[in-house]
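The values are calculated or read from the model by the stated rules, or taken from the named source; none is laboratory data. Remember, it's a predicted structure, so these values are computed and weren't measured experimentally. Cβ atoms come from the backbone with ideal geometry, glycine included; neighbour counts cover every protein chain shown. Only protein heavy atoms, including side chains, enter the accessible area calculation; ligands, DNA and RNA are left aside. Shrake-Rupley method; radii C 1.70, N 1.55, O 1.52, S 1.80 Å.
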Amino acid sequence: MTTEQSPRQRVRKAVIPAAGLGTRFLPSTKAIPKEMLPVVDKPAIQYVVEEAARAGINDVLTVTGRNKAALEDHFDRHWELEKALEKKGDQMRLKRVQKSANLGNVHFIRQGEPLGLGHAVLCAQTHVGNEPFAVLLGDDLIDERDPLLDTMIDVQQQYGGSVVALMEVPEDQIHLYGCAAVSQLPDASEELVRVDSLVEKPAVGEAPSNLAIIGRYVLSPEIFEVLQRTKPGRGGEIQLTDALLEMAQHRDKPGGGVTGVIFRGRRYDTGDRLDYLKAMVRLAVRHRDIGTDFRAWLLEWTDSDEAHGRSGEHQEHLGH
């Protein structure tokens, strides 16, 4: 007589690390959290919470730091504003304001010290408990047409352990990311790989592949025990990549093993100023209210003398 293996618990909770100082966007982030910088007409972090909601996750813990109160305000009800919009009969804007407060249960905890991504995840241990959970980084926005998180959750249910999102990047950029050495999983699609090793921001020419870890993870709860004993690594911080390396090398232990999902969809990087602007344009041309007009203007402008620097008018230098 055989005993059927009980099904693995499906992911119900997500963690969003949001304690960074946003120094690459100074002075804009001197008083405004980088997660609240608008991407068209929503702050970046709302895209991330909406992604979690689409994947069936309505319990989100945001790990913050000092001067991040605006995040809590954004996901709270704003009764005065709602009453003002109701009085005006502006139902469209009223629904937009209410949406952020109705995405699910968004909780907040402070990291306390800037000790790295691994430490930020460790701060979520009490809230998460003994169940698998998702980690979503706010710098990476995934297009709603590409259900990456859903796929990763399904993979975690099938294979157990932890799951990381991987993306092919040019070799001259791999040193900016965590990098994975992988092998093919038996009887699996080419998008699914076994992660054999991981290295955080490898030196130029020393990367084991061109597969970069992007900001989506589905982790087994055993990661917390590993993080508790993970020593500070690159940059003097507790690196999540180092903890995942140990998990990958101990597939036989409970919660061990790391599977990679190679993502070839649409990703919008808001991690630095140039990529943030590119993300803004790519999302703006698809916006249901302004997309058509913005696309027409963009095509017209890119063909203009001004766009090509051919304007003879003096342009005031506004800064670097």
Under 28 Å from Lys99, Cα to Cα: lysines that are on another chain or at least 8 residues apart: Lys13, Lys30, Lys34, Lys42, Lys68, Lys83, Lys87, Lys88, Lys278
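Could you calculate the contour length gain from Asp150 to Asp90, that is, 0.36 nm times the residue separation minus the distance between their Cα atoms, to one decimal place in nm? Write down the numbers at each step before the final one.
On the way: separation 60, 0.36 × 60 = 21.60 nm, distance 3.45 nm.
Between Asp150 and Asp90, full extension yields 18.2 nm more.
Sorted by packing (mean other beta-carbon atoms within 10 Å per residue), highest first, where do 251-258, 158-165 land?
Sorting 251-258, 158-165 by mean packing, highest first, produces 158-165, 251-258.
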Could you work out how much longer the chain between Arg229 and His175 gets when fully extended? Use 0.36 nm per residue separation minus the Cα distance between them, nm to one decimal. 16.9 nm
Per-pair calculated FRET efficiency, R0 = 30 Å: Glu131 and Leu185 via Cβ, rounded to 0.05: 0.80
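How much of the accessible area of the chain, probe 1.4 Å, is carbon plus sulfur, in whole percent? Numbers along the way, then the final one.
Working: 8840 of 17940 Å².
The value for the chain is 49 percent carbon and sulfur by accessible area.
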Rolling a 1.4 Å sphere over the protein heavy atoms, what is the accessible area per residue of the chain, to the nearest Å²? 56 Å²
Cut-off 12 Å (backbone N to label point 7 Å along Cα→Cβ of Asn105), residues of the stretch 48-76: 58-61
